[in-house]
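Below is one structure, written out as C-alpha cells, with a few remarks after it.
The values are calculated or read from the model by the stated rules, or taken from the named source; none is laboratory data. Note that the coordinates shown come from a computational prediction; the quantities given were computed from them, not determined experimentally. Note: ideal-geometry Cβ built from the backbone for every residue, glycine included; neighbour counts use all protein chains shown. Note: areas computed on protein heavy atoms with side chains; ligands, DNA, RNA excluded. Shrake-Rupley method; radii C 1.70, N 1.55, O 1.52, S 1.80 Å.
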Amino acid sequence: MSQGPSGFYGVMEAKGAYNRHATIPAGGAALAFPFLDRAAREVTIADQDHPVVVADYGSSQGKNSLRAMATAIRNLRARLDRHRPILVFHVDQPSNDFNSLFEVLSSDPERYFLDDANVFPCAIGRSFYEQVLPSASVHLGWCSYAVVWLRRVPCTIPGHFFPAFATGATRAAFERQAAEDWATFLSCRAGEMRGGARLVVVLPNLPGSGQRGFAKMMDDANAVLREMVDEGAITPEERAQMTVGTYPRSKDELFAPFVAKPRFQGLTIEDYDVATLPDRMWADYQRNGDKEAMAAKNALFFRAVFMPSLAGALTRVRAGDSEALRSFADRLQDGLMRRLTIEPIPMDMSVQIIVFAKPG
Ligand SMILES: C[S@@+](CC[C@H](N)C(=O)[O-])C[C@H]1O[C@@H](n2cnc3c(N)ncnc32)[C@H](O)[C@@H]1O
C-alpha cells in the first residue's frame, strides 16, 4: 500500500464521532496551553491594517480546537485594538468531516468567538504537507496530534498494523518517511509564517515503557483483526493491507533538521518539553470499579481515531458500502472492548511539545 484510498487515510471517524470520543488528545493538547499562551504573547504583530492570522493545522471536527483557539485569541486580543480582525483557519484533509466542524463553530457553547465580533473562523480542506496559506501570512500556528500522521504509508507491516511495532527494513522505511514528512511540514509552515511568528506543535511521544496501556490496546486490536480473519469477516489479503499511518517521533527525530545548523528553512526551536497525561478513565475506574465503562470509552476512542484507516483496506468499504464500514467498526469495537476488560491497565500517555519561531 502506498497511500490509502482517499476518504479514509488518516481521517477520523465521521458524524462527529471524533469530537465525542477524543478526550485523550484533548487532555494532551491542554498540557501545551501554557506554551501557546506564551507564543501568542510573543509573536510579532506589525502592519496595523492587516488581519492577524491564526492557523490550526489538523483540526479534525473542531471540538478539540476550541479551547486552544480561545487561549490564542485571548492573548492576542490583549495586545490588539478590539476592531483588529483575527482570522482563524482550521486546516484538514478534504475528506475530513467538515460538517461536524461547522456545526461546532455554529453551536458549541465553547466556541471561541462568542465574546469577540472581530474573530472570523474559516476552513481549508487541503493537506498540510503543502503550503495551504499565502506566504508570510501566519502569525501563530497550532498543530495538535496531527503531524504524527504521515503523508503516505511506505509499506505494510508484517503481523501488525501499527508502525511503532515495525522492525528491521519495515521500520527503516517508516523512519525515512517520517523524516521526509517532518521536513516537508516544517518547510511549508516556514513559508506561511511571518517574521516573528510562532508555531506550537503537540505530538504523542514514543509508546515506551511508560505507555504500556496504549501499546497493549494496539496489540489487543491486532488480535481482534486476527479473529476477524479466522471468522471470515475480513480476508487475509485485506488484513495484510491494514496499516495506520502514524509515526510517533523521538526527540532526536524532531530535532534532526536543526542539527547541522540551528535554523531550518528560517525556523528555530524556541522551546521543547515532555509532559505526562495521566489516564482520567483509569482514575474513574479506581473510584468506581467499573472496568466495562473504562474499556468501552477506550474502545470508542480507538474506533474514532484508528478504525477508518483500517477500514480503508476493505474492498467493500472502498466501493462505498456504508453497511460494511459499520459492521467492521462495530465488530472491531466489541472485540477490543472485550479484550480491554479482561486485563485493564492504565493508559498514561507522554506528550511532546515543541515551539518554533521564525525570527523577524
Ligand atoms: C488525531 S486528529 C487531531 C485533531 C485535533 N487537532 C486534536 O488535537 O484533537 C488528527 C487530524 O489530523 C488530520 N490530518 C492528518 N494528516 C493530515 C494532512 N496531511 N493534512 C491535514 N490534516 C491532516 C486528520 O485528518 C485528523 O483530523
For this session: Using label points projected 7 Å from each Cα along Cα→Cβ, tell me how many nm separate residue 126 and residue 226, to one decimal.
Result: 4.5 nm
For this session: Quote the relative contact order of region 17-357 in percent (integer), defining contacts as alpha-carbon pairs under 8 Å separated by 6+ residues.
Result: 21 percent
Problem set entry | Spread of Cα-to-Cα distances over 5 Å intervals beginning at zero, given as percent, for region 138-181 | 5, 21, 26, 20, 12, 6, 5, 3, 1
Seminar exercise, completed: The farthest towards the positive end of the charge dipole of the chain, of the residues 145, 265, 218, given +1 on Cβ of Lys and Arg and -1 on Cβ of Asp and Glu, is 265
For this session: Please work out how much length the chain gains when fully extended from residue 321 to residue 256, using 0.36 nm per residue of separation minus the C-alpha to C-alpha distance, in nm with one decimal.
Result: 19.1 nm
Exercise. GNM on the chain, C-alpha springs below 10 Å: top fluctuator among 150, 340, 114?
Worked result: 114
Exercise. Hey, with R₀ at 51 Å, roughly what FRET efficiency would residue 47 and residue 338 work out to, going by the Cβ-Cβ distance, to 0.05?
Worked result: 0.30
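In region 130-207, what GluC sites (Glu not before Pro) fall in a loop by DSSP, with at most 12 other Cβ atoms inside 10 Å?
Working: sites: 130, 175, 180, 192; in loops: 130.
Passing sites in region 130-207 are 130.
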Problem set entry | Residues of the chain: accessible area per residue with a 1.4 Å probe, Å² | 42 Å²
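Antiparallel versus total DSSP beta bridges in region 17-357: what percent is that, nearest 5?
Numbers: 18 of 40 bridges.
DSSP beta bridges in region 17-357 are roughly 45 percent antiparallel.
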Seminar exercise, completed: Lys and Arg at +1, Asp and Glu at -1: neighbours of residue 355 with Cβ under 13 Å from its Cβ sum to 0
Exercise. Summing +1 for each Lys or Arg and -1 for each Asp or Glu, what net charge is found among the other residues whose Cβ lies under 10 Å from the Cβ of residue 22?
Worked result: +1
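Please give the net charge around residue 49, taking every other residue with its beta carbon less than 15 angstrom from that of residue 49, where Lys and Arg add +1 and Asp and Glu add -1. Don't skip to the answer; put the middle values down first.
Working: positive: 84, 194; negative: 47, 81.
Here the count lands on 0.
DSSP H helices in the chain with Cα extent of 18 Å or more along the helix axis and mean Kyte-Doolittle hydropathy at least 0.5?
On the way: long enough: 168-192 (36 Å, -0.42); 212-231 (28 Å, -0.41); 291-311 (27 Å, 0.62); 322-342 (30 Å, -0.32).
The qualifying helices are 291-311.
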